[in-house]
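Notes for the one structure printed next.
The values are calculated or read from the model by the stated rules, or taken from the named source; none is laboratory data. Keep in mind the model is a prediction, meaning the values are calculated, not measured. With ideal geometry, Cβ positions are generated from the backbone for all residues, glycine too; neighbour counts draw on all protein chains shown. Just the protein is used for accessible areas: all its heavy atoms, side chains included, with ligands, DNA and RNA removed. Shrake-Rupley method; radii C 1.70, N 1.55, O 1.52, S 1.80 Å.
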Amino acid sequence: MPDALVLAIAADNAEAILEGERAFEYRTRPPARLPARAYLAVAGSGGVIGECELGPPARHTSKGWALPVSRPRRYRSPRALSEFGLARTPRSFRYVPR
């Protein structure tokens, strides 16, 4: 059973998470299986630049569901999506085996 996901994210949002400046990720439709490890795939770059832990939705705001972010970790060099069994960046997220 997958317990991790590849999360498509904008470059500026990924940087804010990895720098510790952003405590929540907002999603219109949150993943059903949370908490989970989220691999951050920057849309358009074709690579995964880091990871974090996503908690269950904390609250619903005008931006969407607020998912708590913890334990961010940046990779020294981006990893290819093929390492996660994907050919391209998902539209929102995709479950992958850990």
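Numbers at a glance
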| read-out | value |
| --- | --- |
| Helix-only mean residue ellipticity at 222 nm for the chain, each DSSP H run of n ≥ 4 adding -39500 (n - 2.57), per residue, nearest 500 | -2000 deg cm²/dmol |
| Percent accessible area from carbon and sulfur atoms, the chain, protein chains only, probe 1.4 Å | 49 |
| Cα-centre dipole for the chain with unit charges at Cβ (Lys and Arg positive, Asp and Glu negative), debye to 20 | 260 |
| Sites excluded, GluC sites (Glu not before Pro) in DSSP loops with at most 12 other C-beta within 10 Å, longest stretch of the chain | 22-98 |
| Relative contact order of the chain, defined on C-alpha pairs under 8 angstrom at six or more residues apart (%) | 37 |
| Whole-Hz ³J(HN,Hα) from phi, Karplus 6.51 cos²θ - 1.76 cosθ + 1.60, for segment 84-98, glycine and proline x | 9, x, 10, 8, 8, 5, x, 5, 10, 7, 8, 5, 9, x, 6 |
| Qualifying trypsin sites (Lys or Arg not before Pro) for segment 47-83 [loop in DSSP, other Cβ within 10 Å: at most 13] | LYS63 |
| Net charge contributed by nearby residues that have their C-beta within less than 13 Å of ARG91 (K/R +1, D/E -1) | +4 |
| The chain, accessible area per residue, ligands and nucleic acids excluded (1.4 Å, Å²) | 59 |
| ALA58 paired with SER77, simple spin-label distance in nm, labels 7 Å along Cα-to-beta-carbon | 3.6 |
